[in-house]
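Every number in this text was worked out from the coordinates using simple rules, so none of it is lab data. None of these values were measured; they are calculated from a predicted model.
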Amino acid sequence: MNELVKKAIEARQKSYSPYSKFAVGAALEAEDGTVFTGCNVENASYGLTVCAERIALMKAVSEGAIKFRRIAIVADHPQPTPCGACRQVLYEFAPELEIILANTKGETETVKLSNLLPKAFRF
């Protein structure tokens with residue numbers, strides 16, 4: 001199994017998802033090889049919930065990393081995929097980011113962020 005996927009699986013175990021019961025883990029690899037992990041953190045108001053991918057990214061940026069190679073995302077879903085907000089936030093830093101989508105059955109698919117978010121907003 002891919003090491004980045006393993007780290008995303010470990011991060012998923014820390015998910016705070018009492019409302020949806022939908023745990024997600026992410027592991028984001030910076031250009032220098034450093035890995036930042038995140039899990040989804042829900043809130044009773046729902047709108048304040050933060051996805052695993054954005055938590056991993058915010059941790060990375062807060063530590064000074066702004067260039068990324070790839071991210072692994074793990075969820076208990078046949079075809080996990082980042083939400084639109086996560087796609088846009090990741091695109092800001094790495095339009096050609098490699099995304100490894102993995103489910104809890106061990107199935108994976110690798111895609112490029114630019115293919116998931118064509119015509120992304122650029123300032």
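With both bridge residues required to lie in the stretch 52-111, what share of the DSSP beta bridges run antiparallel, to the nearest 5%? Counting only bridges with both partners in the stretch 52-111, antiparallel ones make up about 40 percent. Expressed to the nearest 5 percent, the antiparallel share of DSSP beta bridges inside the chain is 70 percent.
Quote the relative contact order of the stretch 3-116 in percent (integer), defining contacts as alpha-carbon pairs under 8 Å separated by 6+ residues.
22 percent
Sum -39500 (n - 2.57) across every DSSP H segment of at least 4 residues in the chain, then divide by the residue count to get the 222 nm mean residue ellipticity, nearest 500. It comes out at -8000 deg cm²/dmol, rounded to the nearest 500.
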